[in-house]
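Notes follow once the structure below has been shown.
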Amino acid sequence: MPSEPGPPAQPAATPAQGAARDAAADGPARGAAAPSGLRLSPLTPADLEACLALDSTALGGLWSAQQWHTELAAAERPGLGLWQGPALVGLTCGWLVVDELHITVVAVHPAHRRGGLGRRLLEALLAEAVGRGACHATLEVAADNGAAQALYGALGFQTAGVRRRYYRNGQDALIQWRRIGREASSGDR
């Protein structure tokens, strides 16, 4: 795999198994305490093993160790983890390109799904991107992943197009986007 992975063959906007993940809303401050003893913090290369383990459990092994290392090491790729003690129970990552955040992964451990963690993570990543000057956010989601689409819709994402046969299994992906930051605050979504 090249040192700069392209979009994953099975994007993390939906898990490899097709199960929905929730996402997150505490600010991205390092070590910020979240409800229920959870701690939100930026992901770093030191978190590689924890990311690989969660990827395997929640997404069926979406990315290789090299892809994860690249994701965690690049400054233009913000990533946030939600920790319960030493265990990584959720994560989200994205790529900042000029003024746009491309959300590459949102994953929550199966034992912690349906509790709003995915939403909290995603909201925190959006806030991080706004803090870095992003005005737009985009992601791909499986066309049949109604739970993920409901989450993204609740956060203001709208479908802007379709990527035919985007996933490994031949399934289509919906391209979703939304304005963030000052533009979104003015009601221009």
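The values are calculated or read from the model by the stated rules, or taken from the named source; none is laboratory data. Note that the structure is a prediction, hence the values are computed from the model and not measured. Heads up, the Cβs are rebuilt from the backbone with ideal geometry, glycines too, and the neighbour counts pull from every protein chain shown. Heads up: the accessible areas ignore ligands, DNA and RNA and are worked out on the full protein's heavy atoms, side chains in. Shrake-Rupley method; radii C 1.70, N 1.55, O 1.52, S 1.80 Å.
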Magnitude of the charge dipole, the stretch 104-178, Cβ model with Lys/Arg +1 and Asp/Glu -1, debye to 20: 100
Neighbourhood charge, 10 Å Cβ-Cβ cut-off, centred on ARG132 and excluding it, Lys, Arg +1 and Asp, Glu -1: -3
Nonlocal amide H pairs with VAL162, under 5 Å, H built at 1.01 Å: ILE175
Contour minus Cα-Cα distance for ALA150 and VAL97 (0.36 nm per residue): 16.5 nm
Note, ³J(HN,Hα) from phi for the stretch 116-122, Karplus 6.51, -1.76, 1.60, rounded to Hz, x at Gly and Pro: x, 5, x, 4, 4, 4, 5
Karplus-derived 3J(HN,Hα), 6.51/-1.76/1.60, for each residue of the stretch 40-52, Hz, glycine and proline x: 9, 8, x, 7, 10, x, 5, 8, 3, 4, 5, 5, 4
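Given 0.36 nm per residue, what is the gain on full extension from ALA53 to GLN158 after removing their alpha carbon distance, in nm? Display every interim value, and only then the final one.
On the way: separation 105, 0.36 × 105 = 37.80 nm, distance 3.12 nm.
So the extension gain works out to 34.7 nm.
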Dmax and Rg, reported as Rg then Dmax, of the stretch 74-189 (C-alpha, Å): 14.2, 41
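Using a 1.4 Å probe and counting only protein heavy atoms, arrange ASP144, ASP99 so the residue with the most accessible area comes first.
Details: ASP144 110, ASP99 60 Å².
The most accessible residue leads, giving ASP144, ASP99.
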